[in-house]
Amino acid sequence: MVDRDPLSGSDKELLAKINKQLIHVANQMEKTQIADYVQLLNSPRRLIWTNILAGISRGVGIAIGFTVFATTILYFLKMLGALNLPIIGDYIAEIVKHVQYQLEGRGY
């Protein structure tokens, strides 16, 4: 009795390609750290703590970014106000005056 392999040559090549692709997908999943993500989802306290820290970081970043942006805009408005342009200069001077009052803590 002759022991014959039930798979032909093309079937073996196909299985080899599938095996190679499966290994590639497994490596990609490991790189994305899905196991760590699932573990994070299964730990509510850790998830909440991570989200709180992320929210605080975002808030501080937005505040710093807006401060830099607003300071830059006010700086350019003051420069335009110093040019004494007829209509625009008065308008810009009024805006700068209102902003300075607010920064000093005074109301209108």
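Any read-out appearing in this document is the output of simple, stated calculations on the displayed coordinates, not a laboratory observation. What you see is a predicted model, and the numbers here were worked out from it, not measured in a lab. Note that each Cβ is placed from the backbone with ideal geometry, even for glycine, and that neighbours are counted across all protein chains shown.
Go through the range 84-93 residue by residue and turn each phi into a ³J(HN,Hα) via Karplus (6.51, -1.76, 1.60, θ = phi - 60°); whole Hz please, and just put x for glycine and proline.
6, 6, x, 8, 5, x, 5, 5, 5, 4
How far apart, in nanometres, would the label points at SER8 and ILE88 be if each is projected 7 angstrom from Cα along the Cα-to-Cβ direction?
Rounded to a tenth, the inter-label distance reads 7.9 nm.
Run the numbers for LYS31 and GLU104: contour at 0.36 nm per residue of separation, minus the present Cα-Cα distance, in nm.
21.0 nm
Dividing the alpha-carbon Rg of the chain by 2.2 N^0.38 Å yields what?
Dividing the Cα radius of gyration by 2.2 N^0.38 Å gives 2.49.
Please give every one of the lysines within straight-line cross-link reach of LYS20, meaning a C-alpha to C-alpha distance under 20 Å, and leave out same-chain neighbours fewer than 8 residues apart.
LYS12, LYS31
Run the numbers for ILE73 and ILE48: contour at 0.36 nm per residue of separation, minus the present Cα-Cα distance, in nm.
5.3 nm
HN-Hα J couplings of the range 47-52 from phi, Karplus 6.51/-1.76/1.60, θ = phi - 60°, integer Hz, Gly and Pro as x?
5, 5, 4, 4, 5, 5
Name the residue from ASN27, GLY9, ILE92 whose Cα lies farthest towards the positive end of the charge dipole of the chain, charges +1 on Cβ of Lys and Arg and -1 on Cβ of Asp and Glu.
ILE92
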